[in-house]
Amino acid sequence: CLLRDLVANFFEEYMAADLKRDTWDAKSKRSKEDIRDSILSTITRTGGRFLKRSIHGTWIEASDEEAMRKVTEGFKNLKKKKERKIAPVHQKATTKLTGSEGGAIAV
């Protein structure tokens, strides 16, 4: 899927845009909106479209606003996926040892 590939390619830059918001330098950094616009224009320029079901059950083209929400959703889903991969590794690294008084010590 082109959308997933583009979201994956821009993921680090997109997430960093949040952190750089306070020290914004328009010449060297792009905003999240710029990144989303770039993805949207790449998809439409290559003939891709964002579709949705109409109330009659047929597929129709989504508005730019709806398409932008779908791009944003792609970043949120990838972030959640990456967080789920990190969480089990962190949990495995936390082990319990028994202290001299018999209490548990988390490491």
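The values are calculated or read from the model by the stated rules, or taken from the named source; none is laboratory data. Fair warning: this is a prediction, and the values are worked out from it, not measured in the lab. Because the Cβ atoms are built from the backbone with ideal geometry, glycine has one as well, and the counts that use them run over all protein chains shown. Side chains are part of the model used for accessible areas, which takes the heavy atoms of the whole protein and leaves out ligands, DNA and RNA. Shrake-Rupley method; radii C 1.70, N 1.55, O 1.52, S 1.80 Å.
Remarks
- Considering the conditions (1) at pLDDT 90 or above; (2) at positive phi, Leu51 is excluded by exactly one of them, (2).
- Filtered residues of segment 6-24 (kept if more than 15 Å from Lys82 (Cβ to Cβ), open to solvent by less than 100 Å² (accessible area, probe 1.4 Å) and at pLDDT below 95): Ala17, Lys20, Thr23
- Residue in segment 95-104 that is at pLDDT 50 or above, open to solvent by 100 Å² or more (accessible area, probe 1.4 Å) and not aliphatic (A, V, I, L, M) present: no
- Some residue of segment 54-65 being touching a strand residue (DSSP E or B) at 6+ places or on another chain (Cβ under 6 Å), under 18 Å from Leu6 (Cβ atoms) and either in a loop (DSSP other than H, G, I, E, B) or modelled with pLDDT of 95 or more (or both): yes
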